[in-house]
Amino acid sequence: MAKSIAVTHTIPGPKSKALLDEKQRYVANPIGIHLPAAIVSARGALLTDADGNTFIDLTGGVGCLNVGHSHPRVVQAIVEQAQRFTHTDFSVAPYEPYIRLCQRLCEIAPGPRPKKAALFNSGSEAVENAVKIARAVTGRPAIVAFQGAFHGRTYMSLSLTSQVEPYKKNFGPFMSEIYRVPFPYPYRSPEPDATHWVMQHLEELFTSHVQADRVAAIVAEPVLGEGGFVVPPPDFFPKLRALADRYRILLIMDEIQTGIGRTGKMFAIEHSGVEPDLMTVAKSIAVGLPVSAVIGAREIMDALPEGAIGGTYVGNPVACQAALAVLDIMKEENLVARAAALGERLLARFGAIQRRSALVGDVRGLGAMVAMELVKDRRTKEPAPIETGEIIRRAMQRGVLLLRAGLYSNVIRILTPLVITDAQLDEALDVLEDAVLQPFTT
Ligand SMILES: Cc1ncc(COP(=O)(O)O)c(C=O)c1O
């Protein structure tokens with residue numbers, strides 16, 4: 001079987017190195033880079049750099065490439081729309097792609113209640129707007145968010161994000177009226193019933209910190225993304241929904257990383273049968289082109305006055321056409337089912353690695369959203385961030401691009417394009433396995 005990886009230079013090769021020197025000169029230092037190589041082309045699950053090295057990409061641009069890099073249908077949709085027009089500002093001069101994308105999102109959003117949608121640019125912006133809507137509709141100020149959550153980097157979304165380094169450090173003060181509870185984390189839960197433990201925290205929160213009838217919304221990721229691919233027990237979201245209903249609190253599901261088929265359902269919350277009041281979508285909806293959405297129950301989405309939400313670039317027509325092509329491809333290529341199959345393959349392989357390496361404390365996932373958590377000692381579960389970084393570096397030098405996650409930076413997560421072939425995935429996982437099993441000098 002022909003190999004996909006082709007690494008002929010140490011990374012970075014000479015051409016990438018020359019470009020990265022220019023980056024050092026002109027790009028602000030806080031804009032960091034993960035792969036020290038300059039990409040010149042990409043297709044499916046493969047990336048090629050300026051020196052001709054080809055990598056298998058298990059990061060998918062941080063979960064944006066479920067349909068793969070440069071899918072010909074998406075490229076065609078983008079080119080054709082760009083030739084027609086690139087921008088009018090929908091609120092000034094409307095156009096069909098915006099309306100069709102909202103229609104399609106409403107059709108696939110979970111739950112029986114009729115839906116409406118509004119488009120934005122980034123994931124952070126979608127979260128901001130979901131919170132604005134929830135506050136205005138309920139007339140309540142407070143928002144409950146979870147430990148380990150990531151909701152973005154703008155001030156409200158950053159206030160909801162729960163990781164100090166590198167996201168929040170020195171950026172305070174943050175928004176007021178945000179209250180935090182633990183997320184059910186089966187591997188690290190202090191109690192065997194992680195759901196029960198978190199539900200107790202929520203009830204306590206309403207006794208000791210904020211009155212429940214001042215809470216507008218609970219914001220949650222169905223599976224923690226940046227927080228380490230933490231999958232809550234199956235009873236968690238039904239119980240959270242019941243608690244939210246009891247106090248007339250809105251449930252906002254952030255499906256920005258989990259959505260568009262990644263977990264083996266179109267949206268991850270579908271695994272629990274729960275219908276959110278509002279949902280945010282971005283990333284893989286448009287292959288990384290800047291479009292995001294808030295989708296929600298019609299009466300909630302319609303409650304604000306005209307002009308209350310929006311923005312110059314929101315629902316850009318080129319990005320909308322890309323998103324419409326993505327939704328077609330997801331269906332035609334059966335990529336939701338593919339995510340489930342990839343997940344089984346990944347879990348089996350990660351389980352085998354775990355049996356061979358004491359470093360792998362936990363293997364978990366939902367659909368193709370699979371991760372391994374690395375620990376220095378399986379009994380104490382002390383995180384192993386240095387070894388995690390070393391494994392990712394080793395794999396990168398051998399042509400496999402991986403990302404870490406987790407509050408303690410000790411989780412290796414897979415966000416592969418769903419169009420990756422079995423042969424490519426196996427090739428990449430062979431590299432990962434070697435990288436885990438190779439001895440560590442630290
Ligand atoms: C769950 C979740 N919410 C929100 C965001 C923020 O999205 P963006 O980076 O597009 O602002 C992210 C990005 O990683 C995310 O994973």
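Averaged over residues, the count of other Cβ atoms within 10 Å places the peptides 135-142, 60-67 in the sequence 60-67, 135-142, highest first. Global size of the chain: 21.6, 62 Å for Rg and Dmax (C-alpha atoms, Rg to one decimal, Dmax whole).
Around Val215, with a cut-off of 12 angstrom between Cβ atoms, what is the net charge of the other residues, counting Lys and Arg +1 and Asp and Glu -1? Present the calculation step by step, with values, prior to reporting the outcome.
Values: positive: Arg135, Arg140, Arg214, Arg246, Arg248; negative: Glu177, Asp213.
Once positives and negatives cancel, what remains is +3.
When DSSP beta bridges are limited to those with both residues in the stretch 73-332, what percentage is antiparallel, rounded to the nearest 5?
Taking every DSSP beta bridge within the stretch 73-332, about 40 percent pair in antiparallel fashion.
Among 195-204, 89-98, the peptide with the highest mean count of other Cβ atoms within 10 Å heads the list, and the full ranking is 195-204, 89-98. Fewest neighbouring Cβ atoms within 10 Å first, the residues Asp51, Asp57, Asp21, Asp434 line up as Asp21, Asp434, Asp51, Asp57.
Screening the chain for whole DSSP H helices of 30 Å or more along their axis (Cα) with average Kyte-Doolittle hydropathy at least 0.0 returns 335-356.
Quick check: from the Cα gyration tensor, does the stretch 213-344 come out rounded (a/c under 1.5), prolate or oblate?
Values: a/c = 2.14, a/b = 1.08, b/c = 1.97.
Cα axes put the stretch 213-344 in the oblate bin.
Adding -39500 (n - 2.57) for every DSSP H run of four residues or longer, then dividing by how many residues the chain holds, sets the calculated 222 nm ellipticity at -11500 deg cm²/dmol.
Looking at the square roots a ≥ b ≥ c of the eigenvalues of the Cα gyration tensor of the stretch 1-158, which shape do they give, rounded for a/c under 1.5, prolate if a/b is larger than b/c, or oblate? The partial results should precede the final answer.
On the way: a/c = 2.10, a/b = 1.60, b/c = 1.31.
Verdict is prolate for the stretch 1-158.
Using DSSP, restrict attention to beta bridges with both residues in the chain and report what percent are antiparallel, rounded to the nearest 5. List each step's numbers first, then the result.
Values: 33 of 49 bridges.
The answer is about 65 percent antiparallel.
Electrostatic tally near His196: other residues with Cβ closer than 12 Å to its Cβ, Lys and Arg +1, Asp and Glu -1, net -3. The stretch 1-72 and the stretch 418-436 have Cα centres spaced 17 Å apart. Taking the charge dipole of the chain about its Cα centre, with +1 at Lys and Arg Cβ atoms and -1 at Asp and Glu Cβ atoms, the residue from Gly406, Val274, Ala194 reaching farthest to the positive side is Gly406.
In this label model, Gln76 and Arg43 are separated by 1.6 nm, measuring between points 7 Å along each Cα→Cβ vector.
Using alpha carbon coordinates only, what is the Rg to Rh ratio of the stretch 73-332, with Rh defined as the Kirkwood radius?
On the way: Rg = 18.1 Å, Rh = 18.7 Å.
For the stretch 73-332, the value is 0.97.
What is the extension gain from Glu344 to Asp422, computed as 0.36 nm multiplied by their sequence separation minus the C-alpha to C-alpha distance, in nm to one decimal?
Working: separation 78, 0.36 × 78 = 28.08 nm, distance 1.17 nm.
26.9 nm is the gain from fully extending Glu344 to Asp422.
Each peptide in 411-423, 361-373 receives the mean, over its residues, of other Cβ atoms within 10 Å, and ordering these scores from highest gives 361-373, 411-423.
Could you let me know the centre-to-centre spacing of the stretch 249-326 and the stretch 348-371, using Cα atoms, in angstrom? Spelled out, the Cα-based centre of one part sits 30 Å from the other. Within the stretch 216-372, what percent of beta bridges assigned by DSSP are antiparallel, to the nearest 5? So the antiparallel bridges amount to about 55 percent of the total. Excluding Ala303 itself, calculate the net charge of residues whose Cβ lies under 13 Å from the Cβ of Ala303, where each Lys or Arg counts +1 and each Asp or Glu counts -1. That sum, taken over residues with Cβ under 13 Å, equals 0. When the chain is treated as a Gaussian network with alpha carbon springs shorter than 10 Å, the biggest mean-square fluctuation among Gln83, Gln397, Gln163 belongs to Gln83.
Computed from the coordinates by the stated procedures, all read-outs in this text should not be read as laboratory data. All of these numbers come straight from a predicted model, not from anything done at the bench. Reconstructed Cβ throughout: ideal geometry from the backbone, glycine too, with neighbour counts over all protein chains shown.
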